[in-house]
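Just below is one structure, and these are the notes that go with it.
The values are calculated or read from the model by the stated rules, or taken from the named source; none is laboratory data. Everything numeric here is computed off the predicted structure, so don't read it as measured data. Cβ placement follows ideal geometry from the backbone for every residue including glycine, while neighbour counts extend to all protein chains displayed.
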Amino acid sequence: MVVQVYLLKKENVIKLMALMSLLSLVVLGTRIRIISKEFGKSLTYSCSSSLRKRRALSVRLLAPSLRKLTCDCSLFYGFSFHFLVFVLAYSYLCPRNMSTVIYPSPIFGPIMSRRLGVSLGINLLPADGKWCSFDCIYCECGLNAERRATMPLPTREEVKESLEKQLQKMEQEGPKPDVLTFAGNGEPTLHPEFPAIVDDVTALRDEYFPQAKISVLSNSTQIHRESVREALLRTDNPIMKLDTISADFIEKVDRPQGRYDVDTIINYLAQMSPKVIIQTMFLTGNGLDNTTDEYVEPWLKALQTIKPRQVMIYTIDRETPVQGLQKAQPKILDEIAEKVRLLGISCSVSY
Ligand code: SF4
């Protein structure tokens, strides 16, 4: 079978490459040629398989910028190649969790944050995936297993250099940041140089936008490390996650990737009082609901122990990697916030 097609769209070319690789795996003697103007000026990709000639693969790649490339190889390598092309093309075309976001690293934004205003993001995690000590089923970056990073962490020097460049740009062109926020593809305090980077960011903030605050969105899992705790306390807003007190709910929703004892975390959070801010996600769906008294009452008790400066409660804002989760109702969030305020703690709500 010989087919020749002319395609312009890159996506269609890749789709067909996936198909022809698959066909070459199952139908010997298949020969397909794609002619496309999308890759460079024009590209011809042809691929065939033949048992009769005792070869499984013949790939021909032609483009003005490339020399003609023809390759014949053994059955084993030929079939392996076809399979690899199929898998790569398939994963390009069908990335899971299209709704989730992987942020550039080490600097992203500025973005308009629901809670923080004009926020310039500082992402201490790799640029191509996620790295977190939790694996929350509502995580906007997706699930850990589906977003594994392959790139290294940005170095302290890279963070400093990129941030300074971005701040210089914002000084000339705007907008002025309200806040520099450690956030992004996972847990920022996992970076081994987090304390030193906090000091670099503080020095740059003081030089370019002294009115801007420095915030950290953290899941609290590293606060047993004194250096991390102290660094968090050197920022203006250490915003620490405490979604619930229920070990069962934590296992189902936050899914810690190592040992996590909520009582220990509460004790360390209390050591960060009065500066610490607590952030709590309320959600329902999939048989889960942490807005009921069963969950809210023990959480309120923990807040009395911690004595935070502020509590930020919020709910799902975009599609989640695990389907079926739902927003908590605004009325219910307001009621919870009122209970927090009755304890004498300031509370903000993001619906
Ligand atoms: S702690 Fe934050 S980054 Fe980590 S999995 Fe949960 S939502 Fe995602």
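The table below gives the values:
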read-out	value
Of all residues in the stretch 305-351 being touching a Ser or Thr at 6+ places or on another chain (Cβ under 9 Å) and among the acidic types (D, E), the one that is farthest from Q279 (Cα to Cα)	E319
Scan of the stretch 185-200 for residues that are surrounded by fewer than 19 Cβ atoms within 10 Å (Cβ to Cβ) and more than 11 Å from the ligand (Cβ to nearest atom), ordered by number	P192, E193, P195, A196, D199, D200
Test: residue in the stretch 143-154 that is modelled with pLDDT of 95 or more and either touching a helix residue (DSSP H, G or I) at 6+ places or on another chain (Cβ under 6 Å) or not assigned by TED's automatic domain parsing to the domain that holds D261 (or both)	no
The stretch 145-157, subset surrounded by 18 or more Cβ atoms within 10 Å (Cβ to Cβ) and under 9 Å from G129 (Cβ atoms), residue nearest to the ligand (Cβ to nearest atom)	R147
Test: residue in the stretch 319-338 that is surrounded by 14 or more Cβ atoms within 10 Å (Cβ to Cβ), part of a strand (DSSP E or B) and assigned by TED's automatic domain parsing to the domain that holds E140	yes
Criterion violated by T292 - all others in (1) more than 30 Å from A145 (Cα to Cα); (2) of a type in the set (S, T, Y); (3) at pLDDT below 95 satisfied	(3)
Residue count, the stretch 93-117 (criterion: loosely packed, with under 14 Cβ neighbours inside 10 Å and at pLDDT below 70)	6
Filtered residues of the stretch 339-351 (kept if surrounded by fewer than 16 Cβ atoms within 10 Å (Cβ to Cβ) and either aromatic (F, W, Y) or without any contact (Cβ under 8 Å) to a residue 40 or more places away in the chain (or both))	R341, L342, G344, S346, Y351
Some residue of the stretch 158-178 being near the ligand (Cβ under 9 Å from one of its atoms), closer than 26 Å to R234 by Cα and buried (at least 18 other Cβ atoms within 10 Å of the Cβ)	no
Any pair with Cβ under 8 angstrom, 6 or more apart, that starts in the stretch 199-224 at a residue that is on the phi > 0 side of the Ramachandran plot and ends at one that is away from the ligand (no atom under 14 Å from the Cβ)	S220/Y268; S220/L269
Filter result for the condition that a residue is farther than 24 Å from A328 by Cα and surrounded by 14 or more Cβ atoms within 10 Å (Cβ to Cβ), over V262, V276	V276
Scope the stretch 297-318; condition surrounded by 20 or more Cβ atoms within 10 Å (Cβ to Cβ) and under 16 Å from L283 (Cβ atoms); matching residues	W299, M312, I313, T315
Verdict on L217 being within 16 Å of the ligand (Cβ to nearest atom), within 24 Å of S113 (Cα to Cα), surrounded by 15 or more Cβ atoms within 10 Å (Cβ to Cβ) and aliphatic (A, V, I, L, M)	yes
In the stretch 259-292, residue farthest from the ligand (Cβ to nearest atom) [restricted to those that are closer than 19 Å to R341 by Cβ and of a type in the set (V, I, T)]	T291
Complete set of residues in the stretch 118-132 that are assigned to a loop (DSSP other than H, G, I, E, B) and surrounded by fewer than 20 Cβ atoms within 10 Å (Cβ to Cβ)	A127, D128, G129
